Amino acid sequence: MQIKTFGVIGAGQMGSGIAQVAAASGLEVLMSDISEECIARGISSIRNNLKRSAEKGKCSEDECRAIIGRIKTTSSIQDMAQTDYVVEAAVEMEALKISLFRELDECCPDHVILATNTSSIPIGRIASQTSRPDRIIGMHFMNPVPVMKLVEVIRALTTSQETFDITWDLSLRFGKTPAEANDYPGFIANRILMPMINEAIFCLYQSVGKAEDIDTVMKLGMNHPMGPLALADLIGLDTCLAIMETLYDGFKDPKYRPCPLLRKYVEAGWHGRKSGKGFYDY
């Protein structure tokens with residue numbers, strides 16, 4: 001199966017990044033979101049990313065223009081019928097993702113592969129809501145997508161080998177390094193990362209240290225490029241909470257219990273960088 005047109009549901013931080021790397025690989029891209037305002041922000045983000053790349057000499061201005069030229073946009077999910085492969089990159093809410101997959105299943109031809117960029121929700125649960133469970137797969141990109149090399153490829157019990165192989169090859173075409181993960185809540189990346197972030201929040205909650213000191217210890221003591229609280233702000237505290245809740249619900253293990261301080265921040269609207277306030281002010 002040859003992929004010519006690549007669809008992306010969501011023009012936010014992850015969706016716009018996925019659209020950018022797909023277009024940079026030479027694919028025609030169709031990026032969708034619920035409003036023209038959301039789409040405009042996504043295109044602006046891509047332009048800014050490409051401008052920085054050009055300034056650093058990583059791509060020419062002509063190449064940047066060509067990448068933007070390969071990205072078309074729409075506010076109608078029905079237009080995804082024109083694509084050969086779709087990645088859903090909506091917010092980490094299971095009900096929303098299942099609703100989107102039901103719509104995509106109805107409007108897309110049978111050959112179209114439907115992937116989700118979910119960072120924690122079991123792929124099999126999503127696949128069971130469609131008429132094409134063999135063509136449902138997880139394609140979990142890391143943030144920021146144009147920079148980070150990893151893509152977790154997660155297949156459900158029903159995912160076909162062809163679907164897996166096509167997704168693996170797409171990851172390589174995008175200049176990424178794919179890693180296979182089995183279909184458990186959180187997969188590999190967030191099953192390890194999120195409990196660490198959650199424990200850092202507990203350290204803050206219990207006054208073990210200030211935010212700056214907690215991050216300094218992890219950066220200088222463990223050689224992490226970014227402290228866990230700053231990383232949580234980058235990911236989005238609402239997303240962190242959603243992932244921890246998925247882990248807790250999936251395993252029923254108290255070690256995955258979200259820190260009350262994380263829930264308190266999310267309920268206050270302090271979601272990190274995207275809201276201007278989290279563990280730090282932006």
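Where a number appears in this text, it was derived from the coordinates with a stated rule and is not lab data. Owing to the predicted nature of the structure, the values given are computational and were not obtained by experimental measurement. We place every Cβ from the backbone using ideal geometry, glycine too, and count neighbours over all the protein chains shown.
Laid out as a table, the results:
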item: Violating pairs (Cα-Cα greater than 32 angstrom) within the set 72/176; 51/264; 51/255; result: 51/264; 51/255
item: Relative contact order of region 22-122, pairs being alpha-carbon contacts under 8 Å that are 6 or more residues apart, as %; result: 29 percent
item: Cβ crowding within 10 Å averaged over residues, with 55-63, 214-222 ranked highest first; result: 214-222, 55-63
item: In Hz, Karplus ³J(HN,Hα) per residue of region 209-223 (6.51, -1.76, 1.60; θ = phi - 60°; x = Gly, Pro); result: x, 6, 4, 4, 6, 4, 5, 4, 4, 6, 6, 8, x, 10, 6
item: Relative contact order (percent, whole number), the chain, Cα cutoff 8 Å, 6+ residue spacing; result: 14 percent
item: Computed over region 171-282, Kirkwood Rh from alpha-carbon pairs, angstrom; result: 14.7 Å
item: Shape category assigned to region 65-155 from the gyration tensor of Cα positions, a/c cut at 1.5; result: oblate
item: Charge context of residue 270, other residues only, Cβ under 15 angstrom, K/R +1, D/E -1; result: +1
item: Per-residue HN-Hα couplings for region 57-68 [Karplus 6.51, -1.76, 1.60; θ = phi - 60°; Hz; x = Gly/Pro]; result: x, 7, 8, 7, 5, 5, 5, 4, 5, 5, 4, 4
item: Part-to-part distance (alpha-carbon centres) for region 130-163 and region 184-220, which is given in Å; result: 26 Å
item: Calculated log₁₀ intensity ratio I(q)/I(0) where the Debye formula runs over C-alpha points of the chain, q = 0.14 Å⁻¹; result: -1.03
